[in-house]
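*Asks:* To start, I am sharing the structure in question, which I have written as structure tokens.
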Amino acid sequence: MSQDNHWQIIKLAEFERPSAPASTRIEQLVQHLRNLFPSSEQGTEESEAKDFPGYRDFDLAPAADALDEAWQEWLASDGTGVKFLVSPPFSGTAAITRAWAERHQLPVLQAPEAELFAGVDIKAWWQPQAAPVWVIDHLADYWQRQTNGLAFIRALLPKLMRGELGKGIVVCDSWSFAFLQRAWPVHLPQVYCFSAATEALLQQVGIQAPSKQLRALAARAMGNVGLALALWAVTQDDAKDLPAMPADCGDASAFVLYALLLHNGLSGEALQSVLPTLAADQLDVQLLQLQQADLVECNQGKWEVTVYGYLAARDFLNSRGYFMDAF
């Protein structure tokens, strides 16, 4: 791997968030308080005035090179088993892994239909796409937090760990991973992630700024490259600021945000199924309110927390005692 490539795979236990300059920590505290105690006037602008700037994607190839650097020998070996790659929201880890899989002509397995979540028929899912080496790009698509929604993944994980399904890379969203670690008592081995973004990595993906500003950006984004690119796009427009939670948000809003983060996004129907205590009209109101605040959006029929609203949503859930991811 080139010395100019600053992407790196590390064990999850080794991950550390970047530290911020003292002045930036004060700014972060102010933003944190703004997220927790928003003004009742927030969210009253016309939606046309709140459009956020787009931000460009980064080159996936250097990150895929880091996967080669870490796992080339393992890929070429005759063994079986699985490596878990934990993905913070908006980090691009799934896209990087798909690019790496395409480079090595490895199949990306399709998730089971939701109807299979309550069963344990792994064979019906596995046989039509069986391969000696493979990639699962979104483990969040293999379960739902509802009655019997964990049966499939509880049957799948032991088979993956014992190598019964060959050799593979499993990308698991960080919020899903944190939940599954608590819901399933067996410790998952071979768990990795990309190391936190450094000043050099932010420069590599195209953010040009003084060193102190890059260090502050890396800290504010919690080492997440994709989140850093989005935050950087906002800082380039003086008329924009990050979304904040509406003042009247409560338990129902927290339920919605947590469900969307746990499952890396859900359709409206699936969201209703994992939040049965919310009436359909109540759920619609929550989604509309959060959408108007730029905290959630609907893409191709799937509701998701927005990249710009992620920090506010995370602060809000943390303040209400929700179990957080490791990033």
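The values are calculated or read from the model by the stated rules, or taken from the named source; none is laboratory data. The structure presented is a predicted model; accordingly, all values stated were derived computationally and were not measured. Reconstructed Cβ throughout: ideal geometry from the backbone, glycine too, with neighbour counts over all protein chains shown. Note: accessible area is taken over every heavy atom of the protein model, side chains too, but ligands, DNA and RNA are not part of it. Shrake-Rupley method; radii C 1.70, N 1.55, O 1.52, S 1.80 Å.
*Asks:* In segment 207-223, is there at least one residue being touching a helix residue (DSSP H, G or I) at 6+ places or on another chain (Cβ under 6 Å), under 17 Å from R17 (Cα atoms), part of a loop (DSSP other than H, G, I, E, B) and small (G, A, S)?
*Replies:* The answer is yes, given that some residue of segment 207-223 is touching a helix residue (DSSP H, G or I) at 6+ places or on another chain (Cβ under 6 Å), under 17 Å from R17 (Cα atoms), part of a loop (DSSP other than H, G, I, E, B) and small (G, A, S).
*Asks:* Testing L283 on (1) modelled with pLDDT of 95 or more; (2) under 30 Å from F15 (Cα atoms); (3) open to solvent by less than 60 Å² (accessible area, probe 1.4 Å), one condition comes back false. Which one is that?
*Replies:* (2)
*Asks:* For residues that are open to solvent by less than 50 Å² (accessible area, probe 1.4 Å), of a type outside the set (S, T, N, Q) and assigned to a helix (DSSP H, G or I), tally how many sit in segment 75-99.
*Replies:* 5
*Asks:* Limited to segment 100-113, what total is found for residues that are open to solvent by 60 Å² or more (accessible area, probe 1.4 Å) and farther than 15 Å from H138 by Cβ?
*Replies:* Summing the residues that are open to solvent by 60 Å² or more (accessible area, probe 1.4 Å) and farther than 15 Å from H138 by Cβ in segment 100-113 gives 3.
*Asks:* What helices (runs of 4 or more DSSP H) lie completely within segment 114-197 and have 1 or more residues being open to solvent by less than 30 Å² (accessible area, probe 1.4 Å) and touching a strand residue (DSSP E or B) at 6+ places or on another chain (Cβ under 9 Å)?
*Replies:* 151-161, 174-183
*Asks:* Exactly one condition in (1) touching a residue at least 12 places away in the same chain (Cβ under 8 Å); (2) over 23 Å from L12 (Cβ atoms); (3) of a type outside the set (A, V, I, L, M, F, W, C) is false for R182; which is it?
*Replies:* (2)
*Asks:* Looking at P246, P276, can you tell me which residue is more than 30 Å from I10 (Cβ to Cβ) and out of contact with any helix residue (DSSP H, G or I) (no Cβ under 8 Å at 6 or more places or on another chain)?
*Replies:* After ruling out the rest, the residue left standing is P276.
*Asks:* Which count do you get for residues in segment 299-313 that are closer than 14 Å to C249 by Cβ and not small (G, A, S)?
*Replies:* Counting residues in segment 299-313 that are closer than 14 Å to C249 by Cβ and not small (G, A, S) gives 1.
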